[in-house]
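Take a look at the structure set out below.
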Amino acid sequence: MSDATSKSDSWPPNIKAALKRMAPASKYLGLEILDADKEQGIVKLAFNAGPELCNMWGGIQGGMVAAMLDDAMAFAVGLNLEWGQISPTLELKVSMIAPARPGRIYATGKVIKRGRSVGFVEGELTAEDGTLLATGSSTATFVTLKRKDETPAQA
């Protein structure tokens, strides 16, 4: 895996943006960007999951698992976006395979198909020992944000 800081000049815009100012939710999950392959549409992440992500039985709460997968898939589908574009999730499906526990959790996100306005992505989470914890699939749309200085055209 590549060290995020050593590759910072070659990262795609979405990865650079996350390294510059990480989303609060991703920071809460303990996100670490490990590698990104723009041509193949694959990202590799790690989450340093603490006890604050757990339910009362000591497992990581299912919504947190889904959020980790959502991050992995969003980073993958966003690899080919330009500055000013975002890829909101339209649909998300998660299958919980095994209980996730606090510690280091690895995630992979992979673009399955990318169209002009919609992308289809898959992801998986594994424990440090390689145990498959969860899989997911997602559909995202592509949106170009308007600059703050842009004003709507007058009618």
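Here are the numbers:
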item: Residue in the stretch 111-123 that is assigned to a strand (DSSP E or B) and hydroxyl-bearing (Ser, Thr, Tyr) present; result: no
item: Residue that is nearest to PRO88 (Cα to Cα), among those in the stretch 119-153 that are at pLDDT 95 or above and among the aliphatic types (A, V, I, L, M); result: ALA140
item: Members of the stretch 133-154 that are hydrophobic (A, V, I, L, M, F, W, C), in contact (Cβ under 8 Å) with a residue 60 or more places away in the chain and more than 30 Å from GLY59 (Cβ to Cβ); result: PHE142, LEU145
item: Among the candidates GLY109, GLY115, GLY130, residue that is of a type outside the set (Val, Ile, Thr) and touching a residue at least 12 places away in the same chain (Cβ under 8 Å); result: GLY109
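One line per residue, one yes/no per condition, for (1) modelled with pLDDT of 95 or more; (2) of a type in the set (Phe, Trp, Tyr); (3) within 25 Å of LEU145 (Cβ to Cβ); (4) in contact with a helix residue (DSSP H, G or I) (Cβ under 7 Å, 6 or more places away or on another chain):
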residue	(1), (2), (3), (4)
MET1	no, no, no, no
SER10	no, no, yes, no
TYR28	yes, yes, yes, no
ASP35	yes, no, no, no
PHE47	yes, yes, no, yes
LEU53	yes, no, no, yes
GLY84	no, no, yes, no
THR108	yes, no, no, yes
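The values are calculated or read from the model by the stated rules, or taken from the named source; none is laboratory data. None of the values given here were measured: they were computed from a predicted structure. Methodologically, a virtual Cβ is constructed for each residue, glycine included, from the backbone with ideal geometry; neighbour enumeration extends over all protein chains shown.
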